[in-house]
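Everything below concerns the one structure shown next.
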Amino acid sequence: PESDGGLGQGIVDVGIVTEAMGRHRVRSNYVAGVVLAGGLIAALGNDAQRAAMLPGLADGSLRLALAHAEAGARYNLAHVATRATKSGAGWVLDGSKIAVLGGDVADRLIVSARISGATRDEAGIALFIVARDAKGVTVDGHATVDGAGAARVTLSGVEVGADALLSENAFAAIERACDRATAAFCSELVGLMEAATAATIEYTKIRIQFGKPLAVNQTLRHRMADMSIACEEARSMALRAALYADNEDARARSRAIAGAWAKVSRAARFVAEQSIQLHGGMGVTDELEIGGYLKRVIALDAIIGGPDLHLRRHAALINLVA
């Protein structure tokens, strides 16, 4: 929001940024830190919490990360085994989180913890703001397959004050924030796909084999035509996801974004794999961006879930499956 030092733009505008990031394979925690974690602060934070974090997030002096995913969750956002126990005026947190995007460099963590209910209940999930250097917090950073950073976070008797509580009923906000982040990642993959396609077309024009450029081979031209078609289809779905990202109808929003990710992630993998095939062995070398594009697709599929998962989710949301 502009009142908190930002530009006040929506996911359509964010998509313009992430598309450019995908095109140039920028390794950044922009979506994880700003769209996901920052979006939760903007949506749920009180005046003091917003004033303490959002201006710093906007000018780059503060880095945030959402610590929500847990072992065994299998992409179920309601799966929260980490517990928050009331202690005087504050809380004590115990549990562990995995695949915390940007957690390796974050200054503060937005941690989900259960204050009531069973492990997979949607009700009873709270969010807390926890300093990285708080006593009892262990952050084990690691690289992801695409060269970005993530972390495993362990919380052992972490004491936080009442002012650290962001929300006592946060599931709907978490689901919305994850949908918005997925829409932003859709746009990133569109930029990635278009860059991979352009690089492949250019390479086949200059690579001479048996006395002629690869691009004169009709079969290879058909492949590149299919890649271009996949890019256009993915762009349409990414735009649909962005337009639905702030829809107040949660079911319609999730349905549109699940369908978009199923299409875009599958198309991105197709384009990245075709790019490698048309480049030959050099397509998997670190000297070219081509292999890095595929690694990014693989990483995002691991983080968000692959196309089959989201296709089933989309089907469930339109009542095709139980």
For the range 236-292 and the range 157-203, distance of Cα centres in Å: 13 Å
Contour minus Cα-Cα distance for Ala123 and Glu273 (0.36 nm per residue): 49.9 nm
Gyration tensor verdict on the range 64-168 (Cα atoms; rounded if a/c is under 1.5, prolate if a/b is larger than b/c, oblate otherwise): oblate
Cβ-based net charge around Ala84, under 10 Å, with every Lys or Arg adding one and every Asp or Glu removing one: +1
Gain upon complete extension [Gln218, Asn76; 0.36 nm per residue less C-alpha separation]: 46.6 nm
Sites matching trypsin sites (Lys or Arg not before Pro) across the range 119-210 that sit in DSSP coil, with at most 15 neighbouring C-beta atoms within 10 Å: Arg120, Lys135, Arg207
Label-to-label distance, nm, for residues given as Ser61 and Ala172 (7 Å Cα→Cβ offset): 3.5 nm
Mean residue ellipticity (222 nm) of the chain, computed from DSSP H runs ≥ 4 via -39,500 (n - 2.57), nearest 500: -16000 deg cm²/dmol
Extension reserve of the Leu320-Asp47 stretch, reckoned as 0.36 nm per residue once the Cα distance is removed: 94.0 nm
Test item: Cα-centred dipole of the chain, Lys/Arg +1 and Asp/Glu -1 on Cβ, debye: 880 debye
Anchor Lys86: aspartates and glutamates whose Cα lies under 16 Å away (excluding residues fewer than 8 positions away in-chain): Asp94, Glu159, Asp163, Glu168
Within a Gaussian network of the chain (alpha carbon springs, distance under 10 Å), most fluctuating of Gly147, Gly136, Gly88: Gly88
Low-density loop positions, GluC sites (Glu not before Pro), the range 218-304 - DSSP coil, at most 13 other Cβ in 10 Å: Glu248, Glu287
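Where a number appears in this text, it was derived from the coordinates with a stated rule and is not lab data. Note that the structure is a prediction, hence the values are computed from the model and not measured. Because the Cβ atoms are built from the backbone with ideal geometry, glycine has one as well, and the counts that use them run over all protein chains shown.
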